[in-house]
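J.: Got a structure here, written out as structure tokens. Questions coming.
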Amino acid sequence: MKTNAVTLTGFVGREPRLSTSVGSFSMAVNESYRKEEEWKTRTSWFNVVVFGDAQGKLSGVHKGSLVQVDGSIRQVAYEKDGQTIYDYEIHAQAVTLMEKHQVQDQKPARKKATAK
């Protein structure tokens, strides 16, 4: 069975744009990784599109809100300066407002590096 499912947790980068049945916003997702003995953070940006009752699904969502998005990833194409540009966006089925402590609870415990 093939699936196209994505769950992302991150911060809303701009106020959602809303029409009657479609909404969209950008979302920043931080990922921590270790490079040698130092922890680094990488930020990825995603465009999120909400169909259906966008106003209801995005109620309370504002720039800076911490959200969890459940949906699927889609490739989109558009023309720019005579060239076809391919991009990806998240088609959200659900957008959940989260509290910052909820994300902390989901992170695995990390051991501090000890000097030898």
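The values are calculated or read from the model by the stated rules, or taken from the named source; none is laboratory data. Every value quoted in this text rests on a predicted model; they were computed, and no experiment measured them. Here Cβ is always computed from backbone atoms with ideal geometry, including for glycine, and neighbour counts include all displayed protein chains. Calculation scope for accessible area: heavy atoms of the full protein, side chains included, ligands and nucleic acids excluded. Shrake-Rupley method; radii C 1.70, N 1.55, O 1.52, S 1.80 Å.
J.: For the range 1-60, enumerate the residues that are assigned to a loop (DSSP other than H, G, I, E, B), touching a residue at least 40 places away in the same chain (Cβ under 8 Å) and among the aliphatic types (A, V, I, L, M).
T.: Ala5, Leu58 - these are the residues of the range 1-60 that are assigned to a loop (DSSP other than H, G, I, E, B), touching a residue at least 40 places away in the same chain (Cβ under 8 Å) and among the aliphatic types (A, V, I, L, M).
J.: Additional query: Mind listing just one residue for me: the one in the range 5-39 that is of a type outside the set (Asp, Glu) and farther than 27 Å from His62 by Cα and, of those, nearest to the chain's Cα centre (by Cα)?
T.: It comes out as Tyr33.
J.: Among the candidates Val49, Val76, Val22, single out the residue that is of a type in the set (Val, Ile, Thr) and either within 20 Å of Glu99 (Cβ to Cβ) or surrounded by 14 or more Cβ atoms within 10 Å (Cβ to Cβ) (or both).
T.: Within the list Val49, Val76, Val22, the selection yields Val49.
J.: Let me ask another. Return only the number of the condition from (1) in a strand (DSSP E or B); (2) open to solvent by 70 Å² or more (accessible area, probe 1.4 Å) that Lys63 does not satisfy.
T.: Checking Lys63 against (1) in a strand (DSSP E or B); (2) open to solvent by 70 Å² or more (accessible area, probe 1.4 Å), the one that fails is (1).
J.: Just one of the numbered conditions (1) more than 13 Å from the chain's Cα centre (by Cα); (2) touching a residue at least 24 places away in the same chain (Cβ under 8 Å) is not true of Val95; which one?
T.: Looking at each condition in turn, Val95 falls short on (1).
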